[in-house]
Amino acid sequence: MMFQGGFKESNLDKVPIRYVSYDVFYVILQYIYTGRLMDLKEENAYSILRDSYKHSDLMALTSLKRLIAKSVVKLINNDNWNEILILGWQYNDLLLRTKGLKYVKEHWDTIKYSDNLRDILNNSNVDCIEELFLVANGTNHLV
């Protein structure tokens, strides 16, 4: 439509894609053409997947979003558990939320004084914080 509907892009040799990195756009394009999530071996695979998750939601690519979530939870660690949990809350994604909370429960002694926990406490709503502390205190809420 954009290339045939009289839009300025129909006359351009190159169409700029804004607000998305090359790596993220490549992941999405590969999925559109193959129906599969490409295997990322890069050191920054987590950040590419995280950003691809957000953009796949924006583009209503639900199947891609699900594939990305399954890959992201395999990469959970002390550096990113909070981002995964926040994504789960923000996008109402039960898999991300559950894996994030499970990580909290299993690693509470390690993370309870972390900057990542402080970030959640400073930037999340009270319901999310309550859920986190229920899990940390041993309640089997979701995990």
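Which numbered condition in (1) free of Cβ contacts under 8 Å to residues at least 40 places away in the same chain; (2) surrounded by fewer than 19 Cβ atoms within 10 Å (Cβ to Cβ) is the only one that Ala69 fails?
For Ala69, the failing item is (2).
Across segment 37-60, which residue is nearest to the chain's Cα centre (by Cα) among those that are farther than 25 Å from Asn82 by Cβ and exposed (fewer than 11 other Cβ atoms within 10 Å of the Cβ)?
Among those that are farther than 25 Å from Asn82 by Cβ and exposed (fewer than 11 other Cβ atoms within 10 Å of the Cβ), it is Ala60.
How many residues are closer than 25 Å to Trp89 by Cα and either modelled with pLDDT under 95 or touching a strand residue (DSSP E or B) at 6+ places or on another chain (Cβ under 9 Å) (or both) if we restrict to segment 41-57?
Result for segment 41-57: 1.
Need the failing condition index for Gly138 against (1) assigned to a helix (DSSP H, G or I); (2) of a type outside the set (Ser, Thr, Tyr); (3) farther than 10 Å from Asn82 by Cβ, just the number.
Going through the list (1) assigned to a helix (DSSP H, G or I); (2) of a type outside the set (Ser, Thr, Tyr); (3) farther than 10 Å from Asn82 by Cβ, Gly138 breaks only (1).
Assess whether Ser63 counts as being farther than 24 Å from Thr110 by Cβ, of a type in the set (Ser, Thr, Tyr) and buried (at least 18 other Cβ atoms within 10 Å of the Cβ).
It is false that Ser63 is farther than 24 Å from Thr110 by Cβ, of a type in the set (Ser, Thr, Tyr) and buried (at least 18 other Cβ atoms within 10 Å of the Cβ).
Which count do you get for residues in segment 88-100 that are hydrophobic (A, V, I, L, M, F, W, C) and either crowded, with 22+ Cβ neighbours inside 10 Å or modelled with pLDDT under 95 (or both)?
1
Residues of segment 33-66 being in contact (Cβ under 8 Å) with a residue 24 or more places away in the chain, among the aliphatic types (A, V, I, L, M) and in a helix (DSSP H, G or I), which ones?
Ala45, Ile48, Leu49, Leu64, listed by residue number.
Name every residue in segment 74-87 that is touching a helix residue (DSSP H, G or I) at 6+ places or on another chain (Cβ under 8 Å) and surrounded by fewer than 18 Cβ atoms within 10 Å (Cβ to Cβ), in order of residue number.
Within segment 74-87, Leu75, Asn78, Asp79 qualify.
The values are calculated or read from the model by the stated rules, or taken from the named source; none is laboratory data. Predicted, not measured: the structure shown is a model, and the values here were computed from it. Glycine gets a Cβ as well: all are built from the backbone with ideal geometry, and neighbour counts include every protein chain shown.
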